[in-house]
1. Here is a check on your reading of the model: is LEU166 hydrophobic (A, V, I, L, M, F, W, C), part of a helix (DSSP H, G or I) and farther than 26 Å from VAL46 by Cβ?
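The values are calculated or read from the model by the stated rules, or taken from the named source; none is laboratory data. Every value quoted in this text rests on a predicted model; they were computed, and no experiment measured them. Here the Cβ positions follow ideal geometry from the backbone for every residue, glycine too, while neighbour counts run over all protein chains shown.
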Amino acid sequence: MNSRHAFAGVAFALGILLLAIVVVLLFFTATVETGSVGVVTNFGKVTGAVLDSGWHIVGPVDHVTDVSIRTITTQTDADCFSSDLQEVKITLAVQTRITKENATKIYQNYGLDYMTQAAPKILDALKAETAKYEAAEIIANRDKIRSEAMKAAEERLADFVEIQDLSIVNVSFSDDYEKAIEAKQVAQQRAEQAKYELQQAEIEADTKVAAAKGEAQAIEIRGEALAKNPEVINLELINKWDGKAPDTLVTSGATSAAGSIILPISHK
């Protein structure tokens, strides 16, 4: 009997122990997912305790909420204005995260949807930087606008959300402005074409002037040569003769052999 009573006592003790373990596992432990921290609340009040990822033993009335500390990417459209009051739509991609140190405060003040509070501050920083440039300058300065907007956003979100990167995905303008830009580009192309045609005409004119000057100088040189030596004309006649007998007799004006050149005359 004593052994039976002893065995029953041990079995009862083991049962109580197993029950206690089950109760602890069910009601006094919490598991925080990887990439998150656990914010501990007690009857809805934030205690300030923050748990790392993994398995933890907690109090009987403690509740643990997972708060992600992973980097998240948020993409949104921002309606901005340039310094010359042109409407500019910018698609912005922002990479943000919260730290373990800020998790309790952020959860207490904003809950899990904290980006609804952070996003407007980031967009305001972008709009302020965009307004420093004329519409025609925005595309060329998008990298500078991005970097300056990121600095301004970091200042606005100090001790709140950590900005890891900010990217301008796309920039677009109103339809009226796009049409004005297109018309301006067409006008510039036409102006460049007209300028090119004018330059070509000037080159051709200069070429003709140079050719005319060259011809005039050549004529002048021939005239001077004839004046100094009339026999030059005979030389030109010989150079141009095609070997056929001419119909007429060409002389230099004298009938003697010394002062003239006589070519054969063909007989019809």
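1. Values: hydrophobic (A, V, I, L, M, F, W, C): yes; part of a helix (DSSP H, G or I): no; farther than 26 Å from VAL46 by Cβ: yes.
Taking the combined requirement at face value, the residue does not satisfy it.
The rows are residues; the columns are (1) touching a residue at least 24 places away in the same chain (Cβ under 8 Å); (2) in contact with a Lys or Arg (Cβ under 6 Å, 6 or more places away or on another chain); (3) over 14 Å from GLY111 (Cα atoms); (4) not assigned by TED's automatic domain parsing to the domain that holds LYS105.
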| residue | (1), (2), (3), (4) |
| --- | --- |
| GLU33 | yes, no, yes, yes |
| SER36 | yes, no, yes, yes |
| VAL39 | yes, no, no, yes |
| ASN42 | no, no, yes, yes |
| LYS45 | no, no, no, yes |
| SER53 | no, no, yes, yes |
| VAL58 | yes, no, yes, yes |
